[in-house]
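A.B. asks: Below is a structure I'd like to ask you about.
Laboratory data are not the source of any read-out in this text; all were calculated from the coordinates shown. As the structure is a prediction and not an experimental result, all values here were calculated from the model. All Cβ positions, glycine included, derive from the backbone under ideal geometry; neighbour counts span all protein chains shown.
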Amino acid sequence: MSAVTPATVWFTPVRTPAKKSLVSRAGSLLERAGLADAIAERDLVAVKLHFGEAGNTGFVQPMFVREVISRVKAVGGKPFLTDSNTLYRGQRANAVDHLECALHNGFAYATVEAPIVIADGLDGRDSVEVAIDGGTHFESVKLGSAAAHADSMVVVSHVKGHEATGFGGALKNVGMGLGCRSAKQRMHADFSPDPDAEKCTACGRCVQWCPVDAIAIGPDRVAVVDQAVCYGCGECVAACPYGAIAIEWKTTPHAIQEKIVEHVAGALVGKAGKVVYLSFVTDVTPDCDCLHFSDAAVVPDIGVLAGTDPVAIDQAAYDLVRDAPGLSGTRGEGHAAGDDTFAKVTGIDGTHAMAYAEKMGLGTRAYELERVE
């Protein structure tokens, strides 16, 4: 068996004796990682990020995103900021609320100098179905069309813990982040819709959007699902404006991580050599940025990573956090350098996604860290 060639992951620490801005150094990492090779002149470039929920402060801040936009424009790309609508009904479940949340969190054109295009459209149903190979759970996945149709992509991720997956980095940002609302339902649970009679208004939208005609309006003016026909795509959850078809969250950590990775595989179809990743190992909170608050960071700020391999950059981020001491007064308190802080804080092995992604051929967990001051 031949030895695996390690992927190069570029790293700049938060602290530097060179007294250079972390903003400009993050941009320089993109250049080192091969941004100019990934983006052709006039490419439509999806800059995938998380705009943060209302009240959250952990997301990557607009000043860094503006630097990304500047670097993309400098190599001839036409960038736009993007993310898909959320499954849960918070501040980002439709494009109108999502855009308002993004603007309130500082991602206005005047600040970042790029437009925002919500990847899966107004209500989370603007998607493209993409066939994938080698998946355990899916033969095809549904992704926000704006990102799927983009020529190239820059993935800007905030490294953190996560209550369902144990770890959130580039893989989760792409897989869960670019899945349309119905895809998010499929990732979170094997879905069996059961309409709530008290909330159902018999509007018929679920009937209209069911791809297999498994739903009808019954004589009691309530949606009825033929479970023998339904295959759990989740479109009815995305279509119902009244929350009459409840979101299901039943899954296992390994299953959801694998499903996320399979959506990453779909997102990368047609983009070989056209994706660069930038991950911020700063303000490493124990929970997802989808929450309406941010808990205290569990380790000191570490730095920024860049590369073209999503598996390697996630493994490097995970290792850097593992090798850092936990911070006093936080959920990381008492964790020594070398402890698996993410696993201790969340109770979940977040490395399963990396192993599964490597198995699917999306990258390698072997990497070499190239330090840039």
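A.B. asks: Looking at the chain only, what percent of DSSP beta bridges run antiparallel? Nearest 5 please. Could the numbers behind the result be given before it?
C.D. replies: On the way: 19 of 40 bridges.
Just about 50 percent of them are antiparallel.
A.B. asks: Ranking request for peptides 13-24, 154-165: highest mean number of other beta-carbon atoms within 10 Å first, then the rest in descending order.
C.D. replies: In decreasing order of mean packing, 13-24, 154-165 become 154-165, 13-24.
A.B. asks: What is the order of Asp196, Asp83, fewest Cβ neighbours within 10 Å to most?
C.D. replies: Going from least to most buried by this count: Asp196, Asp83.
A.B. asks: May I ask for the percentage of alpha-carbon pairs in segment 190-248 that lie more than 15 Å from each other?
C.D. replies: 36
A.B. asks: Sort Glu53, Glu113 by Cβ crowding within 10 Å, fewest neighbours at the top. Mind showing how you got there, number by number?
C.D. replies: Working: Glu53 22, Glu113 13.
If I rank by nearby Cβ atoms, fewest first, I get Glu113, Glu53.
A.B. asks: Any idea how far the Cα center of segment 108-124 sits from the one of segment 170-185, in Å?
C.D. replies: Centre-to-centre (Cα) distance: 17 Å.
A.B. asks: Still on this structure, I have one more. Give, in nm to one decimal, the length gained when the segment between Thr201 and Arg15 is fully stretched (0.36 nm per residue of separation minus the Cα-Cα distance).
C.D. replies: 61.2 nm is the gain from fully extending Thr201 to Arg15.
A.B. asks: Give the dimensionless ratio obtained when the Cα radius of gyration of segment 270-357 is divided by 2.2 N^0.38 Å.
C.D. replies: 1.14
A.B. asks: Using alpha-carbon pairs under 8 Å, 6+ residues apart, how would you state the relative contact order of segment 190-248 in percent?
C.D. replies: Across segment 190-248, relative contact order equals 46 percent.
A.B. asks: Dividing the alpha-carbon Rg of segment 173-299 by 2.2 N^0.38 Å yields what?
C.D. replies: That works out to 1.30 for segment 173-299.
A.B. asks: Where does the chain land on Rg(C-alpha)/(2.2 N^0.38 Å)?
C.D. replies: 0.98
A.B. asks: Mind giving me the FRET efficiency for Met63 and Arg371? R0 is 35 Å, r the Cβ-Cβ distance, nearest 0.05 is fine. Intermediate results must be reported in sequence, preceding the final value.
C.D. replies: Values: r = 23 Å, r/R0 = 0.65.
Efficiency, from the Cβ-Cβ distance: 0.95.
A.B. asks: Expressed as a whole number of Å, what is the distance separating the alpha-carbon centroids of segment 47-67 and segment 306-373?
C.D. replies: Between the Cα centre of segment 306-373 and that of segment 47-67, the gap is 21 Å.
A.B. asks: Using Cα pairs under 8 angstrom and six or more residues apart, how large is the relative contact order of the chain, in percent?
C.D. replies: Rounded, it is 23 percent for the chain.
A.B. asks: Still on this model: So what's the net charge close to Asp43: Lys and Arg +1, Asp and Glu -1, counting the other residues with Cβ under 14 Å from its Cβ?
C.D. replies: Net local charge, Asp43 excluded: +3.
A.B. asks: Grab the DSSP H runs of the chain that are 4 residues or longer, score each as -39,500 (n - 2.57), total them, divide by all residues and round the 222 nm result to the nearest 500 deg cm²/dmol. Could the numbers behind the result be given before it?
C.D. replies: Working: 14 runs with 117 residues, N = 373.
Result for the chain, helices only: -8500 deg cm²/dmol.
A.B. asks: Let me ask something else. So if I restrict to the alpha-carbon atoms in segment 28-158, what is the Rg, and what is Dmax, the biggest pairwise distance, in Å?
C.D. replies: 15.1, 44
A.B. asks: In addition: In nanometres, what is the gap between the two model label sites at Lys250 and Val269, each 7 Å from Cα along Cα-to-Cβ?
C.D. replies: Each label point is offset 7 Å from its Cα along the Cβ direction, giving 3.0 nm.
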